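Inspection log for the structure reproduced underneath, given as structure tokens.
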Ligand SMILES: [Zn+2]
């Protein structure tokens with residue numbers, strides 16, 4: 001069964017701790033090299049450099065920008081990484097979350113849930129898609145196809161626009177994640193669309 005809430009990354013770190021016996025080695029890939037290639041990722045992975053470019057972002061750190069007009073529905077870049085089993089994914093998500101709390105410049109959690117068996121850890125240099133920033137009014141979204149995740153254009157994107165998607169964060173610790181997307185719909189924090197109603201209710205109560 002595929003969990004469609006997959007890239008709701010924060011949900012990965014709030015799972016109850018697992019029993020310690022059979023504690024998996026977080027640095028050991030879940031699949032053999034061959035299988036991993038077969039299943040999806042490849043370290044030689046590269047993206048279409050005529051389409052997008054990485055440069056400093058007005059939103060946060062580095063971002064990805066359109067080098068030419070991109071049509072709605074176009075696969076812009078694949079979110080790649082190491083495929084690990086869920087236990088390993090949980091441990092890594094936890095570690096990345098702790099790091100991001102210590103150092104706010106350290107993005108966030110890069111572990112996406114692919115299904116109930118496997119996660120993808122995008123915290124690797126070759127995953128250029130990790131630079132994509134969140135926006136309250138994004139021009140792209142993620143799309144899962146079996147064990148692969150693509151960033152796809154939600155609408156026509158103009159040359160020079162920064163590529164963004166909704167990180168889908170819930171409201172836990174939202175104050176730690178200010179949003180500077182500067183879109184008209186910006187609510188000031190990185191909170192997924194499905195939680196924004198709830199957020200507005202809380203803010204209006206104050
Ligand atoms: Zn925003």
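Where a number appears in this text, it was derived from the coordinates with a stated rule and is not lab data. Computed from a prediction, not measured in an experiment: that's the story for all the values here. Every residue, glycine among them, receives a Cβ derived from its backbone with ideal geometry; neighbour counts consider all protein chains shown.
Sort 173-182, 89-98 by packing, meaning the average of other beta carbons within 10 Å per residue, with the highest value first.
The densest-packed peptide leads the list: 89-98, 173-182.
What is the distance, in nm, between label points placed 7 Å from the Cα along the Cα-to-Cβ direction at residue 56 and at residue 115?
4.4 nm
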